[in-house]
């Protein structure tokens, strides 16, 4: 894959994950500079190691970059390798555990209450084949906390209607898991699978095992998800993106479930990923911040 296609794929990945324009434009520039540095060091981005990233940090320090700037760079690189994992280009993310000491981690904010999430779902119109498909996707994001990448990864066989459950496959960023479906979702998904999905496949002349299918010529659901977000903002102006919805769901779960159970439900690989959503125990964040990292 040439560098232009690589960066384009990365930007599309961030867009599909629900990041803002400023985020993926900034990440695009950061990763482009990182790739240039790798070339000068005769390193392959597919074989980059933790120690290579430490060398890059040292390079940025020597150029006078501040800790906050370096931290932002590492976040972008982490996203980049999440993308490569998602595309099955690499097996692990060398930046997964690499963070800068003494940089305050953001606490989830602008969260939606559970009642707001349920109202958003109930008010979402499901007219036509796209409306019914979109409401089914929205339901999985709200009631099972699925990410956009996980929606893309779902196949028809992953819906266990008789058991009232859904199998969520492993992606580059999350573990696989089995989650319970709400009773109304079982009925909704049964109608989608037996009635709506076959119509979409016929209209688009597509053959795929994917559960959710675009009504356009492409395979991705980017435009559909963008329209869903726009629609949600009309129902509730507090809605920003799908990441905010997932953060709100996780925060709600932590109020009623044990943290290990929530870690399983979210597919988080590390308990620290779940811990940061515990807004009632913010003192734990300082312990995470003070972990041993390469910059003191």
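We did not get these values from a lab; they are worked out from the coordinates using the rules stated. Here the structure is a predicted model, which is why all the values come from computation and not from measurement. Here Cβ is always computed from backbone atoms with ideal geometry, including for glycine, and neighbour counts include all displayed protein chains.
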Quick one: 158, 205, 236, fewest Cβ neighbours within 10 Å first, how do they rank?
205, 236, 158
Grab the DSSP H runs of the chain that are 4 residues or longer, score each as -39,500 (n - 2.57), total them, divide by all residues and round the 222 nm result to the nearest 500 deg cm²/dmol.
-17000 deg cm²/dmol
So if I average 1/r over every pair of distinct C-alpha atoms in region 114-271 and take the inverse, what Kirkwood radius in Å does that give?
16.1 Å
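Among rounded, prolate and oblate, which fits region 1-79 when a ≥ b ≥ c are the square roots of the eigenvalues of its C-alpha gyration tensor, a/c under 1.5 means rounded, and a/b larger than b/c means prolate? It would help to have the intermediate numbers written out before the result.
Values: a/c = 2.12, a/b = 1.28, b/c = 1.66.
Since a/c reaches 1.5 but b/c is at least a/b, the shape of region 1-79 is classed as oblate.
Fewest to most neighbouring Cβ within 10 Å: what's the order for 250, 228? Don't skip to the answer; put the middle values down first.
Working: 250 23, 228 20.
Least to most surrounded, the residues fall as 228, 250.
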For the chain, the percent of all C-alpha pairs falling in each 5 Å bin, from 0 up to the bin holding the max distance, is 1, 5, 11, 14, 17, 17, 14, 10, 7, 4, 2, 0, 0
For 80, 184, ascending order of other Cβ atoms within 10 Å (fewest first) is 184, 80
Please report the spacing between the Cα centers of region 158-193 and region 54-83 in Å, no decimals.
38 Å
